[in-house]
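Step one of this worksheet: look at the structure below.
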């Protein structure tokens, strides 16, 4: 498909000029912004001649150029100017409206470059924005590979694909084998103990808030619960929990300079988590305990078990993805109840009765993982476009979860939404989220505790969003409440 030339907007745009990049990541390390020279220091901060630090808004455009549609509303923008390869687009407050334009006019659009990675314009991909098309890609693993290049927009080197992504970067038959073994490790007895732990941990988290009237939602509510549950599951001591959180922030915050400033730092975090998981696997192999780490390393399907290295890779995925995604859903759910107080009152009127549908709506609304990529294994047609074998195909889950052809009033947060086959856990098929039911349990129990004991918990300032096109993360979000 021919791409129309970029149309210059009527108002002049400020551009960030890059003069040097990090050799590991391609992240900008020096340049000029608004006529001022700048450089990124070893600690990740940005210095310039004026002496004052750049604002977050200014940092966002460093290395990203500006959105080709900057200053133009989503309703008025030329749809050919919607450039999802620009990091600035993913930070727009109206990006869901841009997705709506794409669904209507360019449902499968050609894009060039990886968001937040300057100099990656030679990486071409298709953005898939409609619900039905996303679900088709997800459910046809024979036509769309997860292992060929990995599930990030840019290719992952084969030696790192499984190391950082475990089973999400695999295809059958190996993916099928490992998934069956991992599933066999989650025995009913262990899952029951985890469910009990969720309630106990959620209560303790709320207990810790009762002596004051304000908190940071992310640090004190949404981050601790999934992290503590994972640590309980795997037999990780409490003194290591903070390090697990720090490492997962680095791995999934790779495009946010607050967390990552070089590829070396990213790989170091992944390596540390892997080594921790490897040591855990080897210890449980020799001396089993009553935890899921022991169950996983001893689980057997058709005479095969996980190797310690395979459990180490799965451990990276479990700690990073299992922690970050549930944290993101809980954070966005609390924000949504602040934005839609009528839904809070409705849920308070029947806390247990609305729990299931409210949880599904929170996941749809938050869509913690914004996209995943597949690689076409043969020539085919998708959404009116001819896809060639080897093309990168990126499923935009956030767009699919707001598709008006599938959801009634998709931009309404409705905790009673009866039909809600949201794609927050993936679009079905062999890679549907293994931890979906645990995540649902954590979300539902956390909100039951909050609604009963802190019913007026209200976000008091705009959330500080993660700079990412992959995770719909919230880094910080203040809230106030009256202990009850």
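Which of (1) out of contact with any strand residue (DSSP E or B) (no Cβ under 8 Å at 6 or more places or on another chain); (2) part of a helix (DSSP H, G or I); (3) surrounded by 20 or more Cβ atoms within 10 Å (Cβ to Cβ) does residue 325 not meet, given it meets every other one?
Here residue 325 meets the rest and fails (1).
Does residue 374 count as assigned to a helix (DSSP H, G or I), touching a residue at least 40 places away in the same chain (Cβ under 8 Å) and crowded, with 21+ Cβ neighbours inside 10 Å? Break it down stepwise before answering.
Working: assigned to a helix (DSSP H, G or I): no; touching a residue at least 40 places away in the same chain (Cβ under 8 Å): yes; crowded, with 21+ Cβ neighbours inside 10 Å: yes.
So residue 374 does not fit the description; no.
Keeping to the range 384-401, report how many residues are within 26 Å of the chain's Cα centre (by Cα), part of a loop (DSSP other than H, G, I, E, B) and either surrounded by 23 or more Cβ atoms within 10 Å (Cβ to Cβ) or at pLDDT below 95 (or both).
Result for the range 384-401: 1.
Is it the case that the range 459-471 has a residue that's on the phi > 0 side of the Ramachandran plot, part of a loop (DSSP other than H, G, I, E, B) and surrounded by fewer than 21 Cβ atoms within 10 Å (Cβ to Cβ)?
Restricting attention to the range 459-471, the residues satisfying the condition of being on the phi > 0 side of the Ramachandran plot are none.
Scanning the range 459-471, I find no residue that is on the phi > 0 side of the Ramachandran plot, part of a loop (DSSP other than H, G, I, E, B) and surrounded by fewer than 21 Cβ atoms within 10 Å (Cβ to Cβ), so the answer is no.
Any residue at all in the range 305-319 that is more than 25 Å from the chain's Cα centre (by Cα), crowded, with 23+ Cβ neighbours inside 10 Å, in contact (Cβ under 8 Å) with a residue 60 or more places away in the chain and closer than 30 Å to residue 237 by Cβ?
Of the residues in the range 305-319, the ones more than 25 Å from the chain's Cα centre (by Cα) are 305-308.
Those still in the list that are crowded, with 23+ Cβ neighbours inside 10 Å too: 306.
Pick out the ones that are also in contact (Cβ under 8 Å) with a residue 60 or more places away in the chain and you get 306.
Of the ones still in play, those that are also closer than 30 Å to residue 237 by Cβ are 306.
Yes, the range 305-319 has at least one match.
Exactly one condition in (1) under 21 Å from residue 441 (Cα atoms); (2) surrounded by 22 or more Cβ atoms within 10 Å (Cβ to Cβ) is not met by residue 281; state its number.
Single failed check for residue 281: (1).
Test residue 439 against the criterion of being surrounded by 20 or more Cβ atoms within 10 Å (Cβ to Cβ), within 30 Å of residue 173 (Cβ to Cβ) and in contact (Cβ under 8 Å) with a residue 12 or more places away in the chain, and give yes or no.
Yes.
Hey, residue 410 hits all of (1) touching a residue at least 24 places away in the same chain (Cβ under 8 Å); (2) farther than 21 Å from residue 209 by Cα; (3) within 23 Å of the chain's Cα centre (by Cα); (4) crowded, with 16+ Cβ neighbours inside 10 Å but one; which does it fall short on?
(1)
Does residue 346 qualify as being under 22 Å from residue 181 (Cβ atoms) and either assigned to a helix (DSSP H, G or I) or in contact with a helix residue (DSSP H, G or I) (Cβ under 9 Å, 6 or more places away or on another chain) (or both)?
Numbers: under 22 Å from residue 181 (Cβ atoms): no; either assigned to a helix (DSSP H, G or I) or in contact with a helix residue (DSSP H, G or I) (Cβ under 9 Å, 6 or more places away or on another chain) (or both): yes.
For residue 346, the condition - under 22 Å from residue 181 (Cβ atoms) and either assigned to a helix (DSSP H, G or I) or in contact with a helix residue (DSSP H, G or I) (Cβ under 9 Å, 6 or more places away or on another chain) (or both) - is not met.
With 338, 359, 375, 328 as the choices, which residue is under 23 Å from residue 147 (Cβ atoms) and either at pLDDT 95 or above or more than 14 Å from the chain's Cα centre (by Cα) (or both)? Give the steps one after another, and end with the answer.
Values: 338 fails: under 23 Å from residue 147 (Cβ atoms); 359 fails: under 23 Å from residue 147 (Cβ atoms); 328 fails: under 23 Å from residue 147 (Cβ atoms).
Step by step, each of 338, 359, 375, 328 is checked, and only 375 is under 23 Å from residue 147 (Cβ atoms) and either at pLDDT 95 or above or more than 14 Å from the chain's Cα centre (by Cα) (or both).
Look at the range 250-265 and say how many of its residues are without any contact (Cβ under 8 Å) to a residue 24 or more places away in the chain and part of a helix (DSSP H, G or I).
Residues meeting the conditions: 2.
Every residue in the range 208-250 that is over 23 Å from the mean Cα position of the chain (by Cα) and either under 19 Å from residue 459 (Cα atoms) or surrounded by 22 or more Cβ atoms within 10 Å (Cβ to Cβ) (or both), please.
208, 209, 210, 211, 212, 213, 214, 215, 236
Can you tell me which residue among 352, 310, 361 is outside any helix (DSSP H, G or I) and out of contact with any helix residue (DSSP H, G or I) (no Cβ under 6 Å at 6 or more places or on another chain)?
Numbers: 310 fails: outside any helix (DSSP H, G or I); 361 fails: outside any helix (DSSP H, G or I).
It is 352.
Can you pull out the helices (runs of 4 or more DSSP H) entirely within the range 114-190 that have at least 2 residues that are modelled with pLDDT under 85, under 20 Å from the mean Cα position of the chain (by Cα) and buried (at least 20 other Cβ atoms within 10 Å of the Cβ)? It would help to see each step written out before you state the result.
Details: elements: 131-139, 158-165, 174-185.
Counting at least 2 such residues, we get 158-165.
The values are calculated or read from the model by the stated rules, or taken from the named source; none is laboratory data. Just so it is clear, the model here is predicted, and its values are computed rather than measured. Cβ sites come from the backbone with ideal geometry, for glycine too, and all protein chains shown count toward neighbours.
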